[in-house]
């Protein structure tokens, strides 16, 4: 007899997980499973990846405390298709069967595995479409002459570095050239990369002694 774990989730505190649990208990009995543990996230939104009961279920799965995980509906288990597939992949890797009562999904059967393959393909298509939309937007922005990413500083970089190394404070250098303190630090750091390491090791980098 297979050992079964039941997982349920309700989004608000005024809902009760017992409604889902009673149906799942009957479902498990019809399948001939022995229920060894019930996990319930009460008043937990489906958008949250971290849930106390789900985390404990996955931890117990790694301890091989059951052979089957049954849920009332797939949307009770995961917040998104990606998260759903991640959980199923983890269970599958542990050799644990997954069943959903409402969708009639059973990963132990041919049809259930086929459905998961379709879901996975749809998720991959969704990711590809998002990437293509981003790339298309960037191409359009370039054609329209819009800046992509951080704009290049319109400043005399060598002079910024020289002023900083001459003893001018970080704030004074930034104000003089109309840039941020972070930009001054970045320009000096980039310039330091071109210095001879032996010179830097000898302490001849004048920027080290500048006032903050």
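Laboratory data are not the source of any read-out in this text; all were calculated from the coordinates shown. Since the model is a prediction, treat every value here as computed from it, not as a measurement. Heads up, the Cβs are rebuilt from the backbone with ideal geometry, glycines too, and the neighbour counts pull from every protein chain shown.
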Given R₀ = 30 Å, what would the calculated FRET efficiency be for residue 186 paired with residue 132, taking r from the Cβ atoms and rounding to 0.05? 0.40
Can you tell me which of 133-140, 108-115 comes out highest on packing, and rank the rest after it, using the mean Cβ neighbours within 10 Å? 108-115, 133-140
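What translational diffusion coefficient, in µm²/s and rounded to a whole number, does the Stokes-Einstein relation yield for the stretch 1-125 at 37 °C and a viscosity of 0.692 mPa s, taking the hydrodynamic radius as the Kirkwood radius over Cα pairs?
225 µm²/s
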Residues 74, 185 arranged by fewest to most Cβ contacts within 10 Å: 185, 74
